[in-house]
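Notes follow the structure.
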Amino acid sequence: MNDSLKPPPFPSVVGTTLEAHIWAGMRGTPGATGEFASLLNSVTLAVRIIHTRVRAAGLAGMLGYTGEINVQGEEVQKLDAFANEVLCTVLERSGHCAIVASEELEQVKVFGRSGKYIVCFDPLDGSSNIDVNISIGTIFCVLRAPSGDVQTAAGALQAGHEIVAAGYAVYGSATTLFLSTGHGVHGFTLDPGVGEFFLSHPDVKCPERGNTYSINEGNFARWDDKVKKWNGWIKSESKEHGLPYGHRYVGSLVADAHRTLVKGGIFAYPADRKSPSGKLRLLYEANPMAFLFEQAGGMATSGVDRILDIEPRGLHDRTPLVIGSKLDVEAYRDFMLGRR
Ligand code: AHG
C-alpha cells in the first residue's frame, strides 16, 4: 500500500471527540449513572466558551483589569472574572455539582445537595501573561461531595488522593485539554472550526528523565541553600550526568507544566523568603497537576513529600510544588534531604 494511504499509527485517534471519550469511559464503569460524564462534559463546554473569549479578547475589550482585588490580593483581570463566571454558571446548570471552589472566590459556592461532585478550579491561570499574548489556561479537579444534607466549604478540603478527575486546558498556539479520570492521561486538541476537541495525545507518558528545568530564577536570592545547591547542580557541566539542563520558564503554570509533562524535565516553585509556604495553591493548582503527573508516570512533591497526601486546612492553602519526570523530581528531593 502506498505509504500516504496507510492509516495513522493510532486509528482510534481519528474522529474521537472528547465527548465520545468521556461517554466511553462511563460505559466502561459498572454502575455509572452518567452524572460524572455529564459533569466533565460541562467543564469542557466552559473551556470552549473561555477559549472563544481568550482568542478575541483584544477585540472584545476584554483585556485589562476590572479594578477589583481578589482573595489572593491580586488585581483581577477581566478575563479572570469572565472565566470564573462561565465555570460557575455552567457547573451550576449541570445539576451534578454540589460545590465549586475557585481561585477567584473567597468562599466556596454551594449549589445544592443534588450534585454528587465538587469542582475546584483556577479559571484562568497565568494572569500576568494575558495582556501579552502568552499561553494561559484553566486548571481543574473533581472530588466527590460528602454525603449528607448540608454541603459546606469543608467538603472541598480533601487531600489530592481523593481526586476522581483532573485536567487543564492551555490556550496557546492551539487550545488543548489534557484530562485524566484515573486511567492515564489523554490529550485533546480543539478544532476551532468544528468547536470540538479531538483526541490528539492518547495515553500520555511523562519521560522518565528530561533535559530542561523550569523555575523562576529571579527568586534565587530568596531561596534556601538546598534549592540554590540543586540549581547550581542542574546547570553545571557534566557530560556523564547529562548536564547542564536547558532553562525554560513561561510564568504560566499550565504552560510550564504542559511542556514538562509532554517532554519531561522538572518544574519547581519552591518556598522562598517572600512566599514561605510556596506561591502555588494546593487545591486548584498543585493537586490537579500532581494527579495528572502521577497518572502519566511522573512525580509531584512539595520538594520532599507527595503533593497528593497533603491534608488541606484552607481553601486557598499554598504549597511548594515540584513536578516532572520521576528521576528529575527524585534528584531534587535528594538535594532537599541533604543526600547530595
Ligand atoms: P495566577 O495567574 O493564576 O495568579 O497564577 C500565576 C502562577 C502560575 O501560573 C505561575 O507558575 C506562577 O504564578 C508564576 O509566578 P512568578 O511570576 O512568581 O514566577
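For the stretch 181-340, what is the relative contact order in percent, using Cα pairs closer than 8 Å and at least 6 residues apart in sequence?
27
Do any trypsin sites (Lys or Arg not before Pro) in the stretch 206-274 lie in a loop, going by DSSP, with at most 11 other beta-carbon atoms within 10 Å of their beta carbon, and if so which?
Listed in order of number, the matching sites are 239, 273, 274.
Determine the per residue accessible area of the stretch 55-152 with all protein chains present and a 1.4 angstrom probe, expressed in square angstrom.
With the other protein chains kept in place, the stretch 55-152 gives 45 Å² per residue.
Report, in debye and to the nearest 20, how large the dipole of the stretch 212-336 comes out about its Cα centre when Lys and Arg carry +1 and Asp and Glu carry -1 on their Cβ.
It comes to approximately 340 debye.
With viscosity set to 1.002 mPa s and temperature to 20 °C, compute the Stokes-Einstein D of the stretch 212-336, Rh being the Kirkwood radius across alpha carbon pairs; µm²/s, no decimals.
After rounding, the answer is 149 µm²/s.
Treating the beta-carbon of each Lys and Arg as +1 and of each Asp and Glu as -1, no other charges, what is the dipole magnitude of the chain about its Cα centre, to the nearest 20 debye?
Charge dipole, the chain, about its Cα centre: 560 debye, nearest 20.
Can you give me the pair-distance distribution of the stretch 11-201, C-alpha pairs, 5 Å bins, whole percents?
Calculated P(r), rounded to whole percents: 1, 8, 16, 20, 20, 16, 11, 5, 2, 0.
Restricting things to Cα coordinates, could you compute the convex hull volume per residue of the stretch 78-134 in Å³?
71
Mind listing the long-range amide H neighbours of residue 200? Cut-off is under 5 Å, sequence gap 5 or more, other chains count too, H placed in the peptide plane at 1.01 Å from N.
Here the answer is 187, 188, 189, since their amide H atoms fall under 5 Å of that of residue 200.
Would you calculate a helix-derived [θ] at 222 nm for the chain, using -39,500 (n - 2.57) for each DSSP H run of n ≥ 4 and dividing by the full residue count, to the nearest 500?
-8500 deg cm²/dmol
Return the lysines within reach of residue 326: Cα separation strictly under 30 angstrom, same-chain partners fewer than 8 residues apart disregarded; answer none if there are no such residues.
Result set, ordered by chain and number: 205, 226, 228, 229, 235, 239, 263, 274, 279.
Take the Cα pairs of the chain, get the Kirkwood Rh, then feed it into Stokes-Einstein at 4 °C and 1.567 mPa s and tell me D in µm²/s.
It diffuses with D of about 63 µm²/s by this estimate.
Whole-Hz Karplus ³J(HN,Hα) for the stretch 132-147, in order, using 6.51 cos²θ - 1.76 cosθ + 1.60 and θ = phi - 60°, x for Gly and Pro?
The phi angles translate into 10, 6, 10, 3, 10, x, 10, 10, 8, 9, 10, 10, 7, 6, x, 6 Hz.
Mind checking the per residue accessible area of the stretch 185-295 for me, 1.4 Å probe, whole number of Å²?
43
The values are calculated or read from the model by the stated rules, or taken from the named source; none is laboratory data. Quantities reported herein were computed from a predicted structural model and do not represent experimental measurements. Every residue, glycine among them, receives a Cβ derived from its backbone with ideal geometry; neighbour counts consider all protein chains shown. The protein model used for the area step is the full one, side chains on, heavy atoms only, and it has no ligands, DNA or RNA in it. Shrake-Rupley method; radii C 1.70, N 1.55, O 1.52, S 1.80 Å.
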